[in-house]
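The block underneath contains the structure these notes are about, expressed in C-alpha cells.
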2 protein chains.
Amino acid sequence: MIIGIDVGGTGIKSGLMDMDNNLVFDQSRPTGTTQEEIVNNLAEIITELEAKAKNDFNTTIEGVGIGVPGVVNKGLDHVFKCPNLGWNDIPLTDILKEKTSYTAYLDNDANLAALAEHYVGSLKDVDTGVLLTLGTGVGGGIIIDGRPYRGGNGLGLEIGHMIVGENFYDCACGKNGCYETFASATAIIKHYEKMLKDENKTIDVEVTAREVFDRAKAGEEMGLKAVDRYTTYLALGIVNIINILDPEVITLGGGVAASGDFLMNILNKKVKENLLVKGFPTATLNYASAGNKAGIIGAALLAKEEIAK
Amino acid sequence: MIIGIDVGGTGIKSGLMDMDNNLVFDQSRPTGTTQEEIVNNLAEIITELEAKAKNDFNTTIEGVGIGVPGVVNKGLDHVFKCPNLGWNDIPLTDILKEKTSYTAYLDNDANLAALAEHYVGSLKDVDTGVLLTLGTGVGGGIIIDGRPYRGGNGLGLEIGHMIVGENFYDCACGKNGCYETFASATAIIKHYEKMLKDENKTIDVEVTAREVFDRAKAGEEMGLKAVDRYTTYLALGIVNIINILDPEVITLGGGVAASGDFLMNILNKKVKENLLVKGFPTATLNYASAGNKAGIIGAALLAKEEIAK
C-alpha cells in the first residue's frame, strides 16, 4: 500500500492507495503555519497512515509520495521553494526519513495531478497531454511520452505566467499580461467586479466564477460579456499551447471546469476558430476527471513508480 | 554516407554526410515551382549525390533524409502541407522510392535544424533545448530527452504563432499578436519603417534588420527605439518558453542572431528581469552554431538515426 500526501496552502490531504491504484482511504487536516509544524504534521500523517494500513487493511507501506505547491529538485527529495508555505531550501525527504524511517518522494503538485490524470483520469492512454488547472491562478502539468515533464532545470512549469496580452490589473507575480490574470477564476471575478464598478452597480451576492457563469447562462448581459472575454483568452492560451506543444489532449481542471458543456461548447468553437492550420488532427479538449483527490493519487503514483525503478 | 536535403522556398540545399557526422560535400540549386518540377529536382539530386559518393568518395549511400518547410506525418514519409511550396498531401517517400529506389525520411525543417544543433551545434549534450529561428518569421524546434519533439499530432510546432500581445500590424496567418510579428527580422523592419513614416523621414538605404541594429549600435535614436521594442518582445517570448518548458538552453538562429554580443547582452538582461523565480538555475541563451548548413546536416542525421533503428 502507498501513502499519498498533497500539501496545500490551507489543508493537507492524504490517503492510502492500493497496488491497483485505488484510493482506499483518505483524510484531510489543516496545513499548519510554521515550517516545523507542517513538517511535524507530515510525519504524524505518515505514522497514522502506517498504523491505519496495518490495522484496517492488514498490510504494510511500500512507499510515500508527497506533492507540494512549489519547486522540487530533480532528485525528488528537496524542496527549493514553496511561496505559499514560506518554504525555502528544505531537505524534506531527509527530515521525514529521520522522523518516520520512510523515504518520501517529492514533486510539484501540478505534475502529480497530471500524473493522476494520466493513470486514472482524462489523460489515460495519452502520450502527450496538458492539464490546465483553472482556479485562483492557472497551474499546469505536462505529460510527454506518458511521463510527467519536469523541465530541464526542475524549476517547475508555470503556464499561468505565460504573457498573452495587456490586462487592466497586474498579476500577483508583479508582471502584466500573465495568462492567469485572464483565464483563472480570479480573472473572471475581477472583470465582472470592474464592470459593476464602471456602471455603478452592485449585486446582492458574492461575485464568484460560478455566479458569473450562472448569470451568463441566464442571459444576463454583463455575465455574457465576462464569459465572452474569459473564454476568448482561455482559448487564446490553449491555442498557444497547441502551437508550442501540439498535445493530443488538453484537460481542464479546477473550479471553473465545473461549468460543463456551457463552457466547453464556447471554448471548442473559439479554439477551432483560432487554429493556425485547420483540417488537421489537433488537441482534444476535455475536463479533468481524477477528481479533487487527484493530488493524493498522483503523489502515491509517484512513489509507486519510483520504488518500481 | 548519408544524403541530406533541405528544401526551402527558393533553394534546395543538399549534401553528403559521412558516418562521423561530417558534411563532406554540399551544393545548392533553385527549388523549382511546380510540384512535379520540385519532386524531379529531388530525385535528380539523390541520383547525382549517389554518383558523387561513388566517384569522389568510393562509397555507397546508406540513407536519405529530407527537411521540408511544412507538416510531415508521424511515419516521416508523407508531407501533409507546405504552404510555401503549395504542397498538400504528398506521399513524397513513395514517389522518390519509385524514382530513385531510395527510401527517404522526411521531417519539418525546424525539427531537423534543432537535431543538427543537438548533434554538432549549440544544443550538444543538452537534454532539453529550444532552437528559435529568427528570420522572415520565427520558427522553432524543441529537443526533449535528447530527441526532436514532434508533438502529439505531428502537426509541427509553431512557436512563432504564440500570441503575446497586440501589434500594429497583423500576422500573415491572419491573426494579431503572433510572436513573429514582434520578434522576427520582418518585425523590426516594419517597426522601423513605421517610425520613419510617422516622422515623415526617409533613409537612403534599404531598411534591413542588420541596418537597424547597426544604426542602434551607432547610437541613432530611432534605431535604439526599434531594438528596445524588439528585444523586449523577444525576451517576453523567451520567458514564456521558460515558463512553459523550462529548457536548459535556448539557442537563437537566423539572420538576427548575427547581431552578436550587442543583442545577447540586452537580451540576457531583459530575460533575467522578467523571470518568475529568480536565483534558480534557468535556461542559458546562446546562438545556434551548426551554421547555414544545419538543415542539410539535420536531414542526414534524421536518416542516420532512422536506419539505425
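Some observations on this one:
- Of residues in region A:166-179 being at pLDDT 95 or above and open to solvent by 10 Å² or more (accessible area, probe 1.4 Å), the one farthest from the other protein chains (Cβ to nearest Cβ): A:Tyr169
- The set of residues in region B:116-125 being among the aliphatic types (A, V, I, L, M) and open to solvent by 10 Å² or more (accessible area, probe 1.4 Å) consists of B:Val120 alone.
- Entirely in region A:215-309, the helices (runs of 4 or more DSSP H) that have 1 or more residues that are under 30 Å from B:Gly139 (Cα atoms), away from chain B (no Cβ under 14 Å) and open to solvent by 60 Å² or more (accessible area, probe 1.4 Å): A:260-273
- So B:Asn21, is it surrounded by fewer than 17 Cβ atoms within 10 Å (Cβ to Cβ) and touching a residue at least 60 places away in the same chain (Cβ under 8 Å): yes
- Cβ pairs under 8 Å, 6+ apart, first in region B:115-126 and in contact (Cβ under 8 Å) with a residue 24 or more places away in the chain and within 14 Å of chain A (Cβ to nearest Cβ), second open to solvent by 20 Å² or more (accessible area, probe 1.4 Å) and part of a loop (DSSP other than H, G, I, E, B): B:His118/B:Lys124; B:Val126/B:Glu248
- Lone qualifier among A:Ile144, A:Ile90 - being hydrophobic (A, V, I, L, M, F, W, C) and more than 14 Å from chain B (Cβ to nearest Cβ): A:Ile90
Residues are listed down the side, and each one gets a yes or a no for (1) in contact with a Leu (Cβ under 8 Å, 6 or more places away or on another chain); (2) polar (S, T, N, Q):
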position	(1), (2)
A:Gly8	no, no
A:Asn21	yes, yes
A:Asp26	yes, no
A:Gly32	no, no
A:Glu36	no, no
A:Val39	yes, no
A:Glu44	no, no
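- Screening A:Arg210 against (1) farther than 25 Å from B:His161 by Cα; (2) assigned to a loop (DSSP other than H, G, I, E, B); (3) open to solvent by 20 Å² or more (accessible area, probe 1.4 Å) leaves a single unmet condition, (2).
- Output for region B:109-141, where each listed residue is hydroxyl-bearing (Ser, Thr, Tyr) and in a strand (DSSP E or B): B:Thr133
- Residue that is nearest to A:Tyr149 (Cα to Cα), among those in region A:78-115 that are hydrophobic (A, V, I, L, M, F, W, C) and open to solvent by 40 Å² or more (accessible area, probe 1.4 Å): A:Phe80
- Yes/no for B:Asn200 being part of a helix (DSSP H, G or I) and either under 30 Å from B:Leu49 (Cα atoms) or open to solvent by 20 Å² or more (accessible area, probe 1.4 Å) (or both): no
- Any hit, region B:55-65, residues being more than 30 Å from B:Val130 (Cα to Cα), at pLDDT below 95 and among the hydroxyl-bearing types (Ser, Thr, Tyr): no
- Scanning region B:48-71 turns up at least one residue that is within 17 Å of B:Gly298 (Cβ to Cβ) and in a helix (DSSP H, G or I).
- Boolean, A:Thr10 is free of Cβ contacts under 8 Å to residues at least 60 places away in the same chain, surrounded by fewer than 15 Cβ atoms within 10 Å (Cβ to Cβ) and touching a strand residue (DSSP E or B) at 6+ places or on another chain (Cβ under 9 Å): yes
- From the options A:Gly75, A:Gly70, residue that is touching a Lys or Arg at 6+ places or on another chain (Cβ under 6 Å) and either surrounded by 23 or more Cβ atoms within 10 Å (Cβ to Cβ) or small (Gly, Ala, Ser) (or both): A:Gly70
- B:Thr133 meets all of the listed conditions (1) surrounded by fewer than 24 Cβ atoms within 10 Å (Cβ to Cβ); (2) more than 14 Å from chain A (Cβ to nearest Cβ) but one, namely (1).
The values are calculated or read from the model by the stated rules, or taken from the named source; none is laboratory data. Source: prediction; values computed, not measured. All Cβ positions, even for glycine, are placed from backbone atoms using ideal geometry, and neighbour counts span all protein chains on display. Note: areas computed on protein heavy atoms with side chains; ligands, DNA, RNA excluded. Shrake-Rupley method; radii C 1.70, N 1.55, O 1.52, S 1.80 Å.
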